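Presented below is the structure to which this report refers.
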Amino acid sequence: MDDVRTFFRALLGSRLGFRQTLLALLMSFAVTALLLAACAPICAFLLLNAPPLEDSRALAGHGVVLLTHVAVIAWAGVVGNRTLFRLLVRRDGRAVARRVLVAWLAGNLLLGSQCAWILRPFVGSPGLSVEFLREHPLRGSFFEAVAAAARNSIFHEPKRSHDDTIRTRR
């Protein structure tokens, strides 16, 4: 454990110990959680006013809901991590704080978004039943799904959802 911590300290230049790092991250997660809780009524309103999954406009509505959730979660994560940044600036200086923040945001983006993709029953897909794990949860990626949702929302194309495309690729 000390070797890993020493490696990241040397790589990023931070002088925070393990406990201090954990507390700083928990603080930024708390800020993010509060912002997400504050935005939950807006997302719920949007979801309740989206077309039903059986409707012909369901794919466009699903894309709007999905993109809104992605935008709200990304915004809350960035604002929460700004709290971490301000703490690191006071402790280690601006250059070190920027490196740590970029590394942390990149890790959250890549790991967090893909984990959310694998465990994605929270916003159902038109034409698919709600399942905790899809039949092939590791096929496709979060980024492909966001691109498909954007295409369906902007161009209102009555194409299949990304989950349907994955299902037919077997």
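Summary of computed values
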read-out	value
Contacts under 8 angstrom Cβ, first residue in region 142-160 being in a helix (DSSP H, G or I), partner surrounded by fewer than 17 Cβ atoms within 10 Å (Cβ to Cβ) and modelled with pLDDT under 75, 6 or more apart	Phe142/Ala116; Ala148/Thr165; Arg151/Glu157; Arg151/Lys159; Asn152/Lys159
Which numbered condition Leu46 fails, given (1) closer than 18 Å to Ile154 by Cβ; (2) outside any helix (DSSP H, G or I)	(2)
Test: Leu59 is within 21 Å of the chain's Cα centre (by Cα) and assigned to a helix (DSSP H, G or I)	yes
Unique residue being farther than 18 Å from Ala58 by Cβ and either modelled with pLDDT under 75 or not β-branched (Val, Ile, Thr) (or both) when the list is Ala116, Ala148	Ala116
Selection status of Val70, modelled with pLDDT of 80 or more, under 15 Å from the mean Cα position of the chain (by Cα) and surrounded by 13 or more Cβ atoms within 10 Å (Cβ to Cβ)	yes
Enumeration of residues in region 14-46 that are of a type in the set (S, T, N, Q) and surrounded by 17 or more Cβ atoms within 10 Å (Cβ to Cβ)	Ser14, Thr21, Ser28, Thr32
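The values are calculated or read from the model by the stated rules, or taken from the named source; none is laboratory data. Just so it is clear, the model here is predicted, and its values are computed rather than measured. Ideal geometry is used to build each Cβ from the backbone, glycine not excepted, and the neighbour counts take in all protein chains shown.
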